[in-house]
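Mind looking over this structure? Questions follow.
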Amino acid sequence: MPTTSFRLLAALLLLVPLSNALYFHIGETERKCFIEEIPDETTVVANYKVELYDPRSGGFMPSTPGIGMHVEVKDPDDKVMLSRVYSSEGRISFTSHIPGEHVLCMYSNSTAWFSGSQLRVHLDIQVGEHTIDYANVAQKEKLTELQLRIRQLLDQVDQITKEQNYQRYREERFRQTSDSTNQRVLWWSLAQTLVLLVMGFWQMRHLKSFFEAKKLV
């Protein structure tokens with residue numbers, strides 16, 4: 001029994017989103033968007049750094065102060081949650097209010113400073129309890145190592161609960177979509193059957209009129 005409980009806890013921990021670190025290249029007219037599936041009331045933090053391509057060295061160097069990124073975040077209802085211009089290096093933070101796919105888009109704040117060159121953007125997206133700086137929390141609240149560990153476990157349990165609720169929400173949405181699709185298929189089948197019956201009835205009436213006109217019946 002304890003082994004089963006441990007396996008269940010391990011499986012649930014796998015559901016908790018981890019941080020996603022990556023980098024991408026972007027041109028002066030390009031727009032890069034990322035989709036994150038986020039439970040409701042969950043904090044998301046994205047740290048980024050912009051580097052400018054250097055044609056002389058063939059590599060990327062730290063960007064100048066005038067270079068920045070315009071960041072826009074939309075919720076699953078396509079409503080803008082965040083829209084502002086940041087500097088060449090910064091930290092983006094927002095909290096989801098409804099569960100679902102949130103879209104984070106980034107594009108350059110100007111097209112005058114770079115002609116046909118490229119930017120490299122390092123992006124690290126953290127979700128849930130991974131956004132919390134526990135070292136800072138321990139120092140601010142004067143927590144012992146045991147108290148800090150308990151705090152981390154409580155945050156993980158809270159995030160697991162949110163993730164489970166989100167999975168149930170997705171399952172319900174999928175069920176509603178399936179039911180709606182099945183109903184449409186049923187009504188389409190009934191409509192096709194009705195059309196065939198009407199056409200068959202019309203053909204029979206037409207043939208009967210034809211035979212009567214030719215005095216075959």
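The values are calculated or read from the model by the stated rules, or taken from the named source; none is laboratory data. Please read all numbers here as calculations on a predicted model, not as lab measurements. Don't worry about glycine lacking a Cβ; one is built from the backbone with ideal geometry, like all the others, and counts go over all protein chains shown. Please note that ligands, DNA and RNA were not included when accessible areas were found on the heavy atoms of the full protein model with its side chains. Shrake-Rupley method; radii C 1.70, N 1.55, O 1.52, S 1.80 Å.
Consider only pairs whose beta carbons are under 6 Å apart and that are at least six residues apart or on different chains; among these, list those whose first residue lies in segment 86-106 and is over 11 Å from Thr42 (Cα atoms) and whose second residue is β-branched (Val, Ile, Thr) and open to solvent by less than 20 Å² (accessible area, probe 1.4 Å).
From residues that are over 11 Å from Thr42 (Cα atoms), the pairs are Tyr86/Val71; Ser88/Val50; Ser88/Ile67; Ile92/Val71; His102/Ile38; Leu104/Val73; Met106/Val71.
If you don't mind, another one. Would you confirm whether any residue within segment 100-113 is open to solvent by 40 Å² or more (accessible area, probe 1.4 Å), within 30 Å of Pro62 (Cβ to Cβ) and polar (S, T, N, Q)?
yes
Still on this model: Please identify the pairs in which a residue from segment 16-33 that is over 14 Å from Asn47 (Cα atoms) has its Cβ atom under 6 Å from the Cβ atom of a residue that is among the basic types (Lys, Arg) and modelled with pLDDT of 70 or more, counting only partners at least 6 apart or on another chain.
Listed pairs, sorted by first residue: His25/Arg120; Ile26/Lys32.
Keeping to segment 83-92, report how many residues are in a strand (DSSP E or B) and surrounded by 14 or more Cβ atoms within 10 Å (Cβ to Cβ).
4
Shifting gears a bit: Whether any residue in segment 27-34 is surrounded by 13 or more Cβ atoms within 10 Å (Cβ to Cβ), within 30 Å of Arg168 (Cβ to Cβ), modelled with pLDDT of 85 or more and out of contact with any His (no Cβ under 8 Å at 6 or more places or on another chain) is what I want to check.
So far as segment 27-34 goes, yes, one or more of its residues are surrounded by 13 or more Cβ atoms within 10 Å (Cβ to Cβ), within 30 Å of Arg168 (Cβ to Cβ), modelled with pLDDT of 85 or more and out of contact with any His (no Cβ under 8 Å at 6 or more places or on another chain).
Still on this structure: Filtering segment 115-169 down to residues that are in a helix (DSSP H, G or I) and of a type in the set (Gly, Ala, Ser), which residue is farthest from the chain's Cα centre (by Cα)?
Per the criteria, the residue is Ala138.
Residues are listed down the side, and each one gets a yes or a no for (1) open to solvent by less than 40 Å² (accessible area, probe 1.4 Å); (2) at pLDDT below 85:
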{"site": "Val121", "(1), (2)": "yes, no"}
{"site": "Ile125", "(1), (2)": "yes, no"}
{"site": "Ile132", "(1), (2)": "no, yes"}
{"site": "Glu171", "(1), (2)": "no, no"}
{"site": "Thr177", "(1), (2)": "no, no"}
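For every residue, the table says whether it meets (1) at pLDDT below 70; (2) in contact with a strand residue (DSSP E or B) (Cβ under 9 Å, 6 or more places away or on another chain).
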| residue | (1), (2) |
| --- | --- |
| Thr4 | yes, no |
| Tyr23 | no, yes |
| Glu37 | no, yes |
| Glu41 | no, yes |
| Val45 | no, yes |
| Pro55 | no, no |
| Asp77 | no, yes |
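Could you grab me the full set of residues in segment 54-82 that are outside any strand (DSSP E or B) and touching a Phe, Trp or Tyr at 6+ places or on another chain (Cβ under 7 Å)?
Of everything in segment 54-82, those that are outside any strand (DSSP E or B) and touching a Phe, Trp or Tyr at 6+ places or on another chain (Cβ under 7 Å) turn out to be Gly66, Ile67, Gly68.
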